[in-house]
Structure formats: C-alpha cells, structure tokens
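As structure tokens, the structure follows; a few thoughts come after it.
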Protein chains: 2
Amino acid sequence: MKGSAPRLGEIGLTNYPPYLMNRIMGRYNAAIRAEMAKLGLTTPKMRALAVLSVMDGQVIGQLAVHAIVEQSTLSRAIDALEADGMVRRAADGADSRLVRVFITQAGRSAFDALWPHMAGTYADLFAGITPDEQRAFVATLQKIHANIGKAEV
Amino acid sequence: MKGSAPRLGEIGLTNYPPYLMNRIMGRYNAAIRAEMAKLGLTTPKMRALAVLSVMDGQVIGQLAVHAIVEQSTLSRAIDALEADGMVRRAADGADSRLVRVFITQAGRSAFDALWPHMAGTYADLFAGITPDEQRAFVATLQKIHANIGKAEV
DNA sequence: TCTTGATATTTGCAAATGCATTTAAACCTG
DNA sequence: CAGGTTTAAATGCATTTGCAAATATCAAGA
C-alpha cells in the first residue's frame, strides 16, 4: 500500500543508500586492485580465496553465492587458482555431481599477504567512525543481509 | 599504531562490512537487472542515466566518478545511450576538450520507468529496519563516503 | 610564438564476463 | 529399474570490460 517512491532527484544521490554503498565498494575494490594484481589475483579469484579461507571445502555453487561471482565465472576462476596451486578440486564422495574446492597452503599464503591491505582499506574508509557506530552499522547490514535470504548471487 | 588486523577467519565473513556490502549490492544489482534489460539498459548505462537525472550536463570524467564506471566504459555507454536517443553529447563552450552529457526526455522516461523497481528493491532489502535505524545507517554511509573524498572511481 | 607538458576523451585490443547450452549424475515415478 | 526430470558444473561464444595508447585541446614557459 505504500505510495509511489519519491524520485531520485528529490532525495538526492547521496541520500540513497544503494548509491552510497556502490560508491564505497567501488572505492574499496579499486584500492585493493593493485595489491591483488601483484599477487596474480583477480576479483573473482580473491573472493574465492577469501571465502575458502573462512569456509573451506565448499561446493562450487555455494562458493559462487558466498563469493558473489557468477557460477561460470567462478568455475574459470577456480581453474586459474588450481593452475596456480592455490586451491584444489575434489569430487564429493556422496554426490559426484558436486565438486568441492579446498584452499591450499599457497592459497592461504596469498590471501594472508593480501588481507592486511583489505583490512587497511577498510580501516581507512571507516576512519572517524566510533566503535559504537560501527557496531550499529554492522548490525543493520546483517539485518539487510538476512533479508536477502539464500537467494542466488 | 594499530596492531595487525585480526584474520578474516576470526571475525567471520558476516562481520566484515565490505563483504556484507558487496553481497547486498550484488543482490540489489541482480534484482534490477531484468528490468534494466527490458529497457535496453546495462549497468553503466543505467548509472549514467541515474546520475544525469540528478545532475545533468556533466563532463564525462566527473560522470564516470559519480556513476562508478571506468572512463572508457562510460564513454562507450554514452555512445550507446546517444544511439538510443537517451542522452546527447555537447562540447563545452570554454574548453573544447570537455564533453558534457545531457539527458533527453527519452532518457528521463527510461529512468523513470526503472526507478520504481530500484526503489522497490531497496525497500525489500531494508524491510524491517526502522526509520530511525535507516537514518543512522545513512548517516554512517555518508561519513564513509566523505572519507573517499574525490578519489577516482 | 613555438615547444613541452598536462588534461579530457576516445579507441585498439586482449582478456574477462555472463548467458545459454552441454555434459554428467542423481532423483522420481510408474 | 527404465524414462523423464531436476540439479551441478563446465564450456562455447558473443559481448563487455579495462588497460594502455592515441588523439585533441589547453596551459605555461623560453
């Protein structure tokens, strides 16, 4: 029953959260791009490693969801990571349609080398935001995240 | 000076704001993709229209920054929008290196057709977040946005 | 004014992306 | 337990992307 949404021009770009979030993430991603390049990583490869560093042995489909990468793109990113010796594929024992991906020591090392830059960029972006405010911010993000449910991508 | 950042595995993906924001924006962008396709819009084209609908007559370089699109990609997106009659290019009077972009009525109509879906997706994502919480969230986003300054992309 | 250097946009080209299709395996249902 | 359906991952292919180079214009100094 809500009325029609106010126009974007009325609220302004910088009062529309999706715009701000896209802009912030664009900056974040740009900031770590150079370091990724040094390590031979692309965004899909980096994201796969990030997720695997936390939840190893995932099935490719789920990995794509968590890494926020198209399934076919991820499949090829895994090819590249495997060629680099950073992950390995292994068929699932019970269901051989499933392919599980495991991070290797080399993969962990690469992500460990990148992580300080990610954390540093994050710290730069959130400079001047108090811990309390950050906690509230994360709490809201988590509520929004919960609204996504398990929808693909 | 700050000690080394805790590892991602220690804090968890869903406590790391950049991950949550990337995930949320991925969902947002995926949700409006179908509507964009119906209107013949790609993400760069849509973003250009969105920015122009608020700030018309911008120079291409600035438009790229606000639209969060690589310059060369935007240049081609403008080609396409121009071919569709949704924007027009005009050389700047004072400095003819500059190209200003103006949205046309057709461009406004296309964005107006898309906007309800963008606003609706936004509303879905923020369902259950109180107005107060939303205000606080936006305020934090704006602080972070201010930290970006005028850095490119 | 001519030269050197900076800035804005476009374009060439190789690489990356995503949609649609294919292949392979598991699940049902009669 | 065969046939049809669903699900997972990989792949073909056309399009898109982004880096680097080219082009065009302006600015500053000799």
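The values are calculated or read from the model by the stated rules, or taken from the named source; none is laboratory data. Since we're looking at a predicted model, the values are computed, not measured. Methodologically, a virtual Cβ is constructed for each residue, glycine included, from the backbone with ideal geometry; neighbour enumeration extends over all protein chains shown.
Being touching a residue at least 24 places away in the same chain (Cβ under 8 Å) and away from DNA strand C (no atom under 12 Å from the Cβ) is the filter here, so list the residues in segment A:62-80 that pass it. Residues satisfying the conditions are A:Leu63, A:Val65.
Looking for something within 10 Å of DNA strand C (Cβ to nearest atom), more than 12 Å from chain A (Cβ to nearest Cβ), at pLDDT 95 or above and under 19 Å from A:Ile24 (Cβ atoms) - is there at least one such residue anywhere in segment B:47-61? Scanning segment B:47-61 turns up no residue that is within 10 Å of DNA strand C (Cβ to nearest atom), more than 12 Å from chain A (Cβ to nearest Cβ), at pLDDT 95 or above and under 19 Å from A:Ile24 (Cβ atoms). Say we look at segment A:26-46 and pick out the residues that are more than 16 Å from A:Pro116 (Cβ to Cβ) and buried (at least 21 other Cβ atoms within 10 Å of the Cβ); which of these is farthest from the other protein chains (Cβ to nearest Cβ)? Selected residue: A:Lys45.
Taking every residue in segment B:118-138 that is facing another protein chain (nearest Cβ under 7 Å) and part of a loop (DSSP other than H, G, I, E, B) and pairing it with any residue that is among the basic types (Lys, Arg) and surrounded by 14 or more Cβ atoms within 10 Å (Cβ to Cβ), at least 6 positions away or on another chain, the pairs with Cβ-Cβ distances below 6 Å are B:Ile129/A:Lys143.
In segment B:72-117, what count of residues is obtained for those that are among the hydrophobic types (A, V, I, L, M, F, W, C) and exposed (fewer than 14 other Cβ atoms within 10 Å of the Cβ)? Residues in segment B:72-117 being among the hydrophobic types (A, V, I, L, M, F, W, C) and exposed (fewer than 14 other Cβ atoms within 10 Å of the Cβ): 7 in total. Every condition in (1) within 13 Å of DNA strand C (Cβ to nearest atom); (2) modelled with pLDDT under 95; (3) farther than 27 Å from B:Thr121 by Cα is met by A:Asn29 except one, and the failing one is (3).
Residues in segment B:56-71 that are surrounded by 15 or more Cβ atoms within 10 Å (Cβ to Cβ) and within 20 Å of B:Ala106 (Cβ to Cβ): B:Asp56, B:Gln58, B:Ile60, B:Leu63, B:Ala67.
Residues considered: A:Ala123, A:Ala127, A:Ala136. Of these, the only one that is farther than 17 Å from A:Val59 by Cα, away from DNA strand D (no atom under 16 Å from the Cβ) and within 19 Å of the chain's Cα centre (by Cα) is A:Ala123.
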